[in-house]
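Below you'll find the structure, written out as structure tokens, and then a few comments.
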Amino acid sequence: MGAFEYKAVDAAGKSRQGVLEGDTPRQVRQQLREKGWMPLTVIPVTEEKGRPSARHFFGGRIQPGDLAVITRQLATLVRSGIVLEEALGAVAEQAEKPRLKSVLMAVRSRILEGFAVDRALAEFPGAFPELYRATLAAGEQAGHLEVVLERLADYTEARQQLQQKVFLALLYPVLLTLVAITVIAALLVHVVPQVVEVFAHIGQNLPPLTRWLIATSDFLQHNGVILLLGVAALLLIGKSLLKREHIRCRVHRRLLTLPLFGRFIRTLEAARFARSFSILIASGVPILEGLKVSSRVVGNLALREALDRVRAKVREGSSIHQAMAAEKCFPPLTIHLIASGEASSNLEQMLDRAALTQERESETVIAATMGLFEPVMIVIMGGIILTIVLAILLPIFELNQLVR
């Protein structure tokens with residue numbers, strides 16, 4: 001039995017779409033006709049090349065928040081004694097998003113056909129990361145799928161919470177910066193010309209600050225659109241260049257050298273690596289395979305390449321902490337905790353502790369940075385506005401002195 005995407009029209013003429021299970025497209029069309037709907041298209045849900053797929057209708061990805069929710073639901077159902085395929089059907093049935101329902105029904109149909117869990121999930125690599133698939137495969141082989149699902153649920157929820165904290169922390173300064181730029185641009189383009197027009201017929205030598213303000217205002221009035229188009233073009237060019245891996249790697253390597261931002265990136269990526277490596281080892285994945293999979297969780301390409309070199313050294317017989325220390329780009333605390341875990345044969349717990357410590361440090365850095373950003377931004381914006389006000393008032397002060 002497989003899963004099929006359908007598009008149909010109901011008796012009222014309203015368009016309907018969703019997912020149904022059936023042995024053949026013909027059987028699915030019959031189910032739709034029994035509902036009183038006229039089927040338009042019935043397409044198998046698959047990710048195989050050259051065939052129509054759910055991606056054409058709903059996209060191939062699942063949002064991290066949705067993945068965290070369905071993982072927790074699956075963990076709860078499997079822990080209650082329900083087999084995985086039935087749990088997938090129950091979660092898919094209550095899923096509100098068509099994309100999510102489509103993918104879950106497709107995975108369920110593959111498992112019913114006899115596919116292993118990791119192979120069924122591998123047909124949707126955009127929805128289920130490599131870490132997710134490798135962990136479930138190890139849990140299935142060990143016969144502890146419910147335990148692995150619980151760990152995955154904790155991991156996906158913790159990662160989602162950390163991503164939300166980073167996003168919310170960055171949202172405020174970005175919005176504040178955009179508002180500040182908009183206000184200053186509006187002052188220079190609309191307000192300043194009306195005020196300084198008074199000085200045009202006086203014939204007085206204006207102060208340098210005022211002349212600079214008038215020149216800036218004129219430039220923005222005549223070239224503002226060109227300037228915006230130029231900035232947009234630079235952003236598009238930069239985005240296009242960053243699609244090339246070697247350029248993106250150079251940029252990521254340069255980011256690591258920045259004074260404060262570089263340390264934050266290393267701390268955040270170390271937390272991701274330690275958390276994912278911990279869950280893989282706890283699920284029974286071999287260390288070399290765990291290093292390979294957990295390195296894919298790291299977003300910074302320079303650190304990812306460093307982890308690939310660490311994996312090569314571990315394969316040759318080196319310890320993990322010695323190989324990481326040789327790269328000189330990972331936080332010392334993480335390396336020390338990994339060394340302690342290797343020495344005490346308690347690597348899983350030490351990795352958990354390292355991840356927790358680095359996550360807390362990341363949150364502290366975010367909080368401290370945001371605490372400093374607001375007053376600094378207010379001072380900068382106040383200084384710019386003060387400069388504009390002074391440029392307008394200086395000619396007025398000079399006129400008052402001439403009248404006296």
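Taken together, the values in this text are just the output of simple stated rules run on the coordinates, not laboratory data. Because the structure is a prediction, the values reported are computed rather than measured. So basically every Cβ, Gly included, is an ideal-geometry build from the backbone, and we count neighbours across all protein chains shown.
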Give the residue from I279, L260, P208 lying farthest towards the positive end of the charge dipole for region 174-404; charges sit on Cβ (+1 for Lys and Arg, -1 for Asp and Glu) and the dipole is referred to the Cα centre.
I279
Using the Kirkwood radius over Cα pairs of region 294-334, the Stokes-Einstein translational diffusion coefficient at 37 °C and 0.692 mPa s, in µm²/s and rounded to a whole number, is 319
Normalized C-alpha radius of gyration of the chain, against 2.2 N^0.38 Å?
1.36
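At 24 angstrom or more along the helix axis (alpha-carbon based) and mean Kyte-Doolittle of -0.5 or higher, what helices does the chain contain? Whole DSSP H runs only.
145-186, 208-242, 261-282, 347-403
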Contact order normalised by residue count of the chain, Cα under 8 Å, 6+ apart, percent:
13
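State the Kirkwood hydrodynamic radius of region 174-404 in Å, one decimal place, computed from all pairs of distinct Cα atoms.
Hydrodynamic radius (Kirkwood, Cα pairs) of region 174-404 is 22.2 Å.
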For the chain, the count of lysine pairs 8 or more apart or interchain whose alpha-carbon atoms are under 27 Å apart comes to 21
Point-charge dipole on Cβ atoms (K/R +1, D/E -1) for the chain, about Cα centre, debye to 20
880
Tell me the mean residue ellipticity at 222 nm calculated for the chain from its helices only (DSSP H runs of n ≥ 4, each -39500 (n - 2.57), averaged over every residue, nearest 500).
-24000 deg cm²/dmol
Per residue convex hull volume, Cα only, region 115-267, in Å³ is 186
P(r) of region 242-347 in 10 Å steps, Cα pairs, percent per bin?
15, 50, 29, 7, 0
Working only with C-alpha atoms, what are the Rg and Dmax values of region 274-404, expressed in angstrom?
26.3, 89
When the Cα centres of region 320-388 and region 94-121 are compared, how far apart do they sit, in Å?
37
Can you find, among V195, L228, L241, the residue farthest towards the positive end of the dipole of region 174-404? Put +1 on the C-beta of Lys and Arg, -1 on that of Asp and Glu.
L241
